[in-house]
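Enquirer: Got a structure here, written out as structure tokens. Questions coming.
The values are calculated or read from the model by the stated rules, or taken from the named source; none is laboratory data. Treat the numbers as computed from the prediction; the structure is a model and nothing was measured. Cβ sites come from the backbone with ideal geometry, for glycine too, and all protein chains shown count toward neighbours.
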Amino acid sequence: MILRKKPRVIYPCKDGTYSTHKRRGACNWHQGLKSKDGVKLGPAGKGRSSGIDLIPLKDIRVAHEWFQNRAAPYSLRSVQNIMEAVKSGSFRWANMDAITVWKNPAGGLFVLSGHSRFEAFTQLCAEGEKIGSRGFCSIPAKLFSGSLAAAKKIALESNTLSTKETDLERATFYRRQRESGADAGAMQANAKRLEGRNANTILAFSFLSPTGKTWRALEAMSNGQADSKTIINNVGRWIGNARRKVPALTNSHEDELYEWLVTRSGYGSGSGQVNSETKFAQRLASIINRRTTFGQLEERLNIQSAVQLSPVERQYNAQLEEAKKTVFDIDKELKAKVSRLAAQGATPKQVADITAPLERALRNARLAYQGLRAKSSEVQAHARNEQTLFGVGTTNNNSILIPGVMLFAGLYWIKNR
């Protein structure tokens, strides 16, 4: 069924769809009006048709594997917005923008963009809803009659600007593109154009295993706390970029890297940890070098055994743990003494006088612990300098003497700071 009056001019919405007018409310469900400069419709030809058809829902099919990159088949929020507008009486047909339907040369009509609107109409039709005398069992649609490849391109660009897909949904698209043999340079350029500043992160995610621990963590954290989400996103980007640069890294290696960074606390600013992609890449390069024999990377990276701390770092960690234990022990003793004195009926002043030595000891212990923690970056820098100074990793006649010299120098440095 054709609309009685086809629009002569259509106006672009911000999500890639079009409105038949530019009045207030145009593109309400499509992120607003992109431009008031209309597009004049010419005669029908290749590509998009010149008119808008009112097509029965039963004649249209969906093919999510072709035209939908979302984990979900449509945006629940968009569907709810339309249905609530209908039920509240605020829905206006003039504000309803047409979906885009692909006319398959081999036969059949498929939703190209507008899956959420199509789903909303389907539900409204099933419920028998009407606005005036008009029901929802047919939907305004623009026809596209190009190739499948061209249709997928339109769907990608339309979905990019509509209700925002998640980074993982976008990454899934690029992974499929790469697996189908897409040119890497062209894909990179396309990602920069469509994803903006988030392009590098999304491309990195596309190199992750969709069944791996990192991907599952990213999915689980999609609605998590901001701090935790930032850490997981960083870990995902680091590992994804590592797999992009080192194709020899397997899914098993990827899981190892995740376990090291997250489960075993390899991520962080403490001794032996990494808190930037540069440091991670350097540490990983060292590990790969140790685990590669005759150009072949071992099945297991054995990261924990490969992450060796210098004598200075080990001594520092031991002192840090001892200082932490001292704080805990004094605090425990102080609380027990306060509780005991209170039970014996001591006044607050008596309690304060009796526990004053413990209070001072606890204060000094905490200061000592915080002072040690503040030296973390200095210790790591000193350890790196020692490695450079004494040529750690090289083989020479002093290989037995060097560790002793390093330990002596490190202990002297720590004690005299």
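Enquirer: Are any of the residues in the range 258-266 surrounded by 14 or more Cβ atoms within 10 Å (Cβ to Cβ), at pLDDT 95 or above and in contact with a strand residue (DSSP E or B) (Cβ under 8 Å, 6 or more places away or on another chain)?
Expert: no
Enquirer: Mind counting the residues in the range 173-216 that are within 18 Å of the chain's Cα centre (by Cα), polar (S, T, N, Q) and either at pLDDT below 85 or over 14 Å from residue 244 (Cβ atoms) (or both)?
Expert: Here the count works out to 2.
Enquirer: Out of 293, 278, 326, 347, which single residue is within 42 Å of the chain's Cα centre (by Cα), surrounded by fewer than 11 Cβ atoms within 10 Å (Cβ to Cβ) and modelled with pLDDT of 90 or more?
Expert: Answer to the selection: 278.
Enquirer: Go through the range 355-371 and give me each residue that's surrounded by 15 or more Cβ atoms within 10 Å (Cβ to Cβ) and within 14 Å of residue 334 (Cα to Cα).
Expert: Matches in the range 355-371: 355, 358, 361, 362, 365, 366.
Enquirer: Please indicate, with yes or no, whether at least one residue in the range 75-95 is within 13 Å of residue 55 (Cα to Cα) and crowded, with 19+ Cβ neighbours inside 10 Å.
Expert: For the range 75-95, residues within 13 Å of residue 55 (Cα to Cα) and crowded, with 19+ Cβ neighbours inside 10 Å: absent.
Enquirer: Show me the helices (runs of 4 or more DSSP H) entirely contained within the range 243-358 in which 3 or more residues are under 30 Å from residue 178 (Cβ atoms) and among the acidic types (Asp, Glu).
Expert: 251-258
Enquirer: Is there a residue in the range 379-396 that is among the basic types (Lys, Arg) and at pLDDT 90 or above?
Expert: no
Enquirer: Would the range 58-76 turn up any residue that is at pLDDT below 70, of a type in the set (Gly, Ala, Ser) and either in a helix (DSSP H, G or I) or touching an Asp or Glu at 6+ places or on another chain (Cβ under 8 Å) (or both)?
Expert: There is at least one residue in the range 58-76 that is at pLDDT below 70, of a type in the set (Gly, Ala, Ser) and either in a helix (DSSP H, G or I) or touching an Asp or Glu at 6+ places or on another chain (Cβ under 8 Å) (or both).
Enquirer: Specify the residue that is surrounded by the most Cβ atoms within 10 Å (Cβ to Cβ); the eligible residues are those in the range 96-119 that are over 33 Å from the mean Cα position of the chain (by Cα) and assigned to a strand (DSSP E or B).
Expert: 109
Enquirer: If you don't mind, another one. Which residue, of 265, 271, is touching a Leu at 6+ places or on another chain (Cβ under 8 Å) and polar (S, T, N, Q)?
Expert: After applying the criteria, what remains is 271.
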